1. Among (1) closer than 30 Å to Glu199 by Cα; (2) exposed (fewer than 14 other Cβ atoms within 10 Å of the Cβ); (3) within 20 Å of the chain's Cα centre (by Cα), which single condition is Gly142 missing?
2. Assess whether Asp267 counts as being at pLDDT 85 or above and over 30 Å from Arg37 (Cβ atoms).
3. Looking only at residues that are of a type in the set (Asp, Glu) and touching a residue at least 12 places away in the same chain (Cβ under 8 Å) in the range 74-110, which one is farthest from Ile175 (Cα to Cα)?
4. Answer yes or no: is there a residue in the range 140-154 that is polar (S, T, N, Q) and more than 27 Å from Leu265 (Cα to Cα).
5. So if I check each of Ala245, Ala263, which one is in a helix (DSSP H, G or I), more than 17 Å from the chain's Cα centre (by Cα) and touching a residue at least 24 places away in the same chain (Cβ under 8 Å)?
6. Give just the number: which of (1) closer than 30 Å to Arg146 by Cβ; (2) crowded, with 16+ Cβ neighbours inside 10 Å; (3) at pLDDT below 85; (4) under 21 Å from the mean Cα position of the chain (by Cα) does Pro223 not satisfy?
7. Go through (1) crowded, with 17+ Cβ neighbours inside 10 Å; (2) among the small types (Gly, Ala, Ser); (3) at pLDDT 90 or above and name the single condition Ser95 misses.
Amino acid sequence: MSLTDASAEAEHVPEEAPAVRGKGPWRLAWERLARDRAAMVSLGVIAVIVLLALLAPVFAAITGHDPQAQFPETGLTPEGLPVGPGSDFWLGADSLGRDLFIRILYGARISLLVGLLSTLLATVFGIVAGMVAGFYGGWVDGVLARVLDVVLSFPYLLVAIVLVAALGASVPLMIFVIAFFSFAAMARVVRGQTIAYKEREFIEAARSMGAGKVRTMFVDVVPNLIAPVTVLATLLIPTSIVFEATLSFLGLGVDPRTASWGAILADSVDFYRVAPGLLVFPALMLLLTTLSFNLLGDGIRDALDPRSDRLLPGK
């Protein structure tokens, strides 16, 4: 072989292929979620609403309007009607001359607090009840299943009315009521998933190694419940927010003097014709918040489903 042929052959030696790096399921889920425009826009909207809620005291200091402060001279017309949006009141005023913009921001704090905390409590209690029912089975499953049926059969508003009449309206009571009626749905989903997982090989392996039932549930079963629980929890948040707004609208939620979206909407009943902003602005915030959480929940569900092809390129 000549030197020319040897050099030519050396030039055509194929390069080594780049090493293939594996991707974990959570990274793949995030990549699928990042390609979902509706979910990412919804996530951005939620972030903005949370930021506005956190900055509510800052905006109150800038405008000089406390959420409970009444301005009858500047916030009401000579006829006693709420003023519309302007330089003094960016979104107008309510029926008592209070700054509507500031009250909506403080109302976002109430709605997000109630929605997140009640969902967190419902998720924790739902996971525990569902895992115990599904893993132990037998009479334990039968008793817990009947308890869940009883909880789901109770009318929400009737129980809320009785509790408020007996204990008085408060944020902790409302969180408890919403969490109490939400955990049953979470428990049912967790129970079904636990029944499906408890006969898998890795559970049998844990048992053969001497692992107890409690350790098996919380060490081996819980990690496999993260995906469905995350999706359901994301979808429970807007339900809790709407429930809080409904109770506040009916006067069964927070103290009527406290700024909340439901209370603001109740205040607009007699004034929405002459002051439409009193109805439109809080209703728009409620719509944006619940719709964003629902779309984000749908996106998370699709991203965590490895069989979903809706988010693949070209689909």
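The values are calculated or read from the model by the stated rules, or taken from the named source; none is laboratory data. These numbers were taken from a predicted model, which means no experiment stands behind them. Cβ sites come from the backbone with ideal geometry, for glycine too, and all protein chains shown count toward neighbours.
1. Every listed condition holds for Gly142 apart from (3).
2. On the way: at pLDDT 85 or above: yes; over 30 Å from Arg37 (Cβ atoms): yes.
It is true that Asp267 is at pLDDT 85 or above and over 30 Å from Arg37 (Cβ atoms).
3. Just the residues of the range 74-110 that are of a type in the set (Asp, Glu), to begin with: 79, 88, 94, 99.
Cutting the leftovers down to touching a residue at least 12 places away in the same chain (Cβ under 8 Å) gives us 88, 94, 99.
Numbers: Asp88: 35, Asp94: 27, Asp99: 27 Å.
In this case the residue turns out to be Asp88.
4. Filtering the range 140-154 for residues polar (S, T, N, Q) gives 153.
When the remaining residues are screened for being more than 27 Å from Leu265 (Cα to Cα), the result is 153.
There is at least one residue in the range 140-154 that is polar (S, T, N, Q) and more than 27 Å from Leu265 (Cα to Cα).
5. Ala263
6. (2)
7. Looking at each condition in turn, Ser95 falls short on (3).
Residues are listed down the side, and each one gets a yes or a no for (1) touching a Pro at 6+ places or on another chain (Cβ under 6 Å); (2) assigned to a loop (DSSP other than H, G, I, E, B); (3) closer than 20 Å to Val83 by Cβ; (4) of a type in the set (Phe, Trp, Tyr):
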{"position": "Ile241", "(1), (2), (3), (4)": "no, no, no, no"}
{"position": "Gly251", "(1), (2), (3), (4)": "no, yes, no, no"}
{"position": "Thr258", "(1), (2), (3), (4)": "no, yes, no, no"}
{"position": "Val280", "(1), (2), (3), (4)": "no, no, yes, no"}
{"position": "Leu284", "(1), (2), (3), (4)": "no, no, yes, no"}
{"position": "Leu288", "(1), (2), (3), (4)": "no, no, no, no"}
